[in-house]
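Participant: Pasting a structure here, questions to come.
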Amino acid sequence: MKLTPLQITVGQVPSQEELVDLYTAVGWTAYTDNPANLVPMCAGSLYLACARDASGQLAGLVRAVGDGVSISYIQDLLVHPDFQRQGVGGQLLGAALEAVGNVRQVYLTTDAHPTNQHVIDLYLAKGFKPIGDYNCVTLARLH
């Protein structure tokens with residue numbers, strides 16, 4: 001796996017246009033259906049890190065929500081398709097876990113679709129386990 005040389009910045013919120021482009025590129029239309037929410041949701045995150053290439057293009061981002069004491073939730077980890085499978089997601093996730101992972105509980109949710117197995121493998125390699133392995137169940141209510 002090639003590690004793409006990128007600049008990782010923390011706390012710098014991308015423009016709405018950049019966020020729409022990135023979320024659209026990965027097909028996350030639940031976010032792009034309400035583009036005006038993108039900047040405030042990033043600004044309100046407990047942790048936000050962005051990866052940019054040498055030209056300044058937004059290659060990916062990770063954001064966490066939570067209280068930073070007892071729980072952190074990796075809400076979004078996305079990498080533009082032009083930069084996928086080059087180690088960008090691992091770099092971003094590693095930075096997030098270093099910043100907000102020293103709490104009692106760190107959660108994340110991802111799609112179980114077979115085409116997403118490489119993402120699941122990344123999370124497993126970073127020490128995440130299916131919630132059932134902890135004899136717990138996670139429930140969700142989506143709108």
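Participant: Out of all DSSP beta bridges in the chain, what portion is antiparallel? Express it as a percent rounded to 5.
Facilitator: 80 percent
Participant: Further question: Can you show me the helix-derived [θ] at 222 nm for the chain, built from DSSP H runs with n ≥ 4 at -39,500 (n - 2.57) apiece and divided by the number of residues, rounded to the nearest 500.
Facilitator: Estimated from H runs of four or more residues: -8000 deg cm²/dmol.
Participant: Still on this structure: Quick one: net charge around Leu38, please, counting Lys, Arg +1 and Asp, Glu -1 for every other residue with C-beta under 13 Å from its C-beta.
Facilitator: -4
Participant: Let me ask something additional. Return one whole number: the accessible area per residue of the chain in Å², for a 1.4 Å probe.
Facilitator: Here the residues of the chain average 60 Å² of exposed surface.
Participant: If we count every other residue with Cβ under 12 angstrom of Ser72's Cβ, Lys/Arg +1 and Asp/Glu -1, where does the sum land?
Facilitator: 0
Participant: Let's test the formula: R0 of 25 Å, r as the Cβ-Cβ distance of Leu139 and Trp28. What FRET efficiency results, to the nearest 0.05?
Facilitator: The value I calculate is 0.70.
The values are calculated or read from the model by the stated rules, or taken from the named source; none is laboratory data. The structure presented is a predicted model; accordingly, all values stated were derived computationally and were not measured. Glycine also receives a Cβ, built like all others from the backbone with ideal geometry; neighbour counts cover every protein chain displayed. For accessibility, only protein heavy atoms count, side chains too; no ligands or nucleic acids. Shrake-Rupley method; radii C 1.70, N 1.55, O 1.52, S 1.80 Å.
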